[in-house]
Amino acid sequence: LAQALEQLPPGRRSPSRPPPRNRGAMGGGASAQSPAAKDAPPPAASSIPNKPPAIGTKPALTYHESPNPGKFVITPTKPMATQADLALAYSPGVAEPCLAIKENPDDAYAYTNKGNMVACISNGTAVLGIGNIGALASKPVMEGKSVLFKKFAGVNCIDLCVDCPDKDDFINTVKNLAPSFGAVNLEDIKGPDCFYVEERLKELMPIPVFHDDQHGTAIVCLAGLMNALEIAKKEFADIKIVCNGAGAAGIACMKLIQAYGAKPQNCWVCDTNGVIYKGRVKGMNSFKETLATSAVTEETTLEKACAGADVLIGVSSPGVFTEACLKALAPSPVIFAMANPEPEVRPEVAKKHRPDCIIATGRSDYPNQINNVMAFPFLFRATLDCRASQINEEMKMAAAKALAGLAKLPVPAAVKAAMNEREWSFGPEYIIPTPFDPRLISVLPVAVVQAAAASGVARRPVRDTVLYAEECAKLVAGNSPAAA
């Protein structure tokens, strides 16, 4: 958006609207940034391989306005052509399922759309890289997220933009919405409020609550990291990891990585004040405290933290992974530069300084895109289908492992044809599937329902997973460009 605005004639620019701030891949959060990085211009557009056409203001607004405003509509699933149909859809026939549900609340899943309905809820306090723009201005993003649920996993989703910037007011509003939905997806809530909001709503609501900015990004990040470290011939228990960015995505990524096997003492997290260490006072909160390292006891910069690190993760700001940071890393480093739209370092720059690295970004115009759309639609598909009481760590881990495993299988010809400029053999240039891989809907939900059952949160376990995989595929048949 910032690049598009710069291309407009001076009279078309809005002097009151500054360019959007970068946000880590679907996540947000403060990070360490060197003075050199702050002043460094972004790489030239010509350096972007297979760069898609620039999207200007007018095309974006026209897309959202025409032929009908917004990105989705609601259509009936029952006939309403006759008086008899109306008598069943509404009064008097509608009284019968009402009475049945009053007698047995679980019948809501049989007689209403609750079992396949998700609420995508935001208060607009941390929208994309734009910042706190309010609930109403967040609606285009929430509508977009809602259609991704439907597009990729056949999940119905409604956007709810709640005008409650205060976290407790927001909680008190959302907690009462459970009767209408099968699950809640929280979106674009500022940190550290987002952690508190999710924890409280999980305690208060009888349906699953999931903050995708945290956990969706963490799932895909872990999946890519599993494969990258396998290629680099390194083990989680032996490596040093540095994460730049201590917002929603950064904290969630590090927690899931540690749950998989990375040692806490080898995990360093940086924010705008440098490394988060035990005993630090400046800029701390209870959520950062959980990842504070004891490896240092004084202020330490990102550059110093990178010394000997095997993995460098960025959910922060553009250009912060400087030449010094890159050269300080251990041999065969793994770099995940996930800030959007401009990463912490461009792949071509990282390869120049570290030709031995494996690099992933949050961008679609480079290989190895860390995109949470490869997680949340399928995670919710499974959660609704097995009627899980919550989305737990076992389910997230199962999704990450399934996603990682999929990258090792032969890629369908349709995907190759749709993106024929890419390398599709498991290796440094292909550590994670593409979001348009049609196998995601068949593979990830199966892994997640199995984990839900094994961990005891599935209230309606899926018995025949082969049949279930086939049914999931039918839900989105023809939706994927690769399948078209």
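Solvent exposure of the chain amounts to 45 Å² per residue of accessible area, where only protein heavy atoms count and the probe is 1.4 Å.
Please report the antiparallel percentage of DSSP beta bridges with both residues in the chain, rounded to the nearest 5. All intermediate terms of the calculation are to be shown ahead of the outcome.
Details: 7 of 38 bridges.
Here the antiparallel bridges make up roughly 20 percent for the chain.
Determine, for each peptide in 220-227, 256-263, the mean count of other beta carbons within 10 angstrom over its residues, then list the peptides with the highest first.
Working: 220-227: 26.8, 256-263: 17.5.
So the peptides 220-227, 256-263, ranked by packing, come out 220-227, 256-263.
Fully extending the segment from residue 307 to residue 465 would add 52.3 nm, taking 0.36 nm per residue of separation and subtracting the current Cα-Cα distance. About its Cα centre, the dipole of the chain is roughly 580 debye, where the only charges are +1 on Lys and Arg Cβ and -1 on Asp and Glu Cβ. Between amide H atoms placed 1.01 Å from N, distances below 5 Å from residue 268 occur with 241, 242, 243, all of them 5 or more places distant or on a separate chain. Over segment 355-421, Cα pairs under 8 Å with separation of 6+ residues give a relative contact order of 16 percent.
Around the amide H of residue 314, modelled in the peptide plane, lie the amide H atoms of 244, 336, 337, 338, all under 5 Å away and 5 or more residues distant in sequence or on another chain. Peptides 239-249, 170-180, 451-461, ordered by how many other C-beta atoms sit within 10 Å of their residues on average, highest first, read 239-249, 451-461, 170-180. Full extension of the chain between residue 297 and residue 416 gives 37.9 nm of extra length, using 0.36 nm per residue less the Cα-Cα distance. For the chain, the residue among 124, 223, 366 whose Cα projects farthest onto the positive side of the dipole built from Cβ charges is 366.
For segment 205-280, a Kirkwood hydrodynamic radius built from all Cα pairs, placed in the Stokes-Einstein relation at 4 °C and 1.567 mPa s, yields a translational diffusion coefficient of 97 µm²/s. From helices alone, the chain scores -11000 deg cm²/dmol at 222 nm; the rule is -39500 (n - 2.57) for each run of n ≥ 4 DSSP H residues, then divide by the residue total.
Expressed as a rounded percentage, what relative contact order does segment 240-308 have, with Cα pairs under 8 Å and six or more residues apart?
35 percent
At full extension, residue 63 and residue 353 could sit 100.4 nm farther apart than now, given 0.36 nm per residue minus the alpha carbon distance.
Peptides 143-154, 422-433, 367-378 ranked from most to least packed by the mean count of surrounding Cβ atoms within 10 Å: 367-378, 143-154, 422-433. In segment 55-193, a dipole from Cβ-located charges (positive for Lys and Arg, negative for Asp and Glu) runs towards its positive end, and of 109, 154, 133 it is 154 whose Cα lies farthest in that direction.
For the chain, the relative contact order is 17 percent, taking Cα pairs closer than 8 Å that sit 6 or more residues apart in sequence and dividing their mean separation by the residue count.
Calculate, for residue 235 and residue 327, the FRET efficiency according to 1/(1 + (r/R0)^6) with r their C-beta to C-beta distance and R0 30 Å; round to the nearest 0.05. After rounding, the FRET efficiency stands at 0.80. Ligands, DNA and RNA left out, the 1.4 Å accessible surface of segment 385-484 is 55% carbon and sulfur atoms.
The values are calculated or read from the model by the stated rules, or taken from the named source; none is laboratory data. None of these values were measured; they are calculated from a predicted model. Cβ: placed from backbone, ideal geometry, glycine included. Neighbour counts: every protein chain shown. Only protein heavy atoms, including side chains, enter the accessible area calculation; ligands, DNA and RNA are left aside. Shrake-Rupley method; radii C 1.70, N 1.55, O 1.52, S 1.80 Å.
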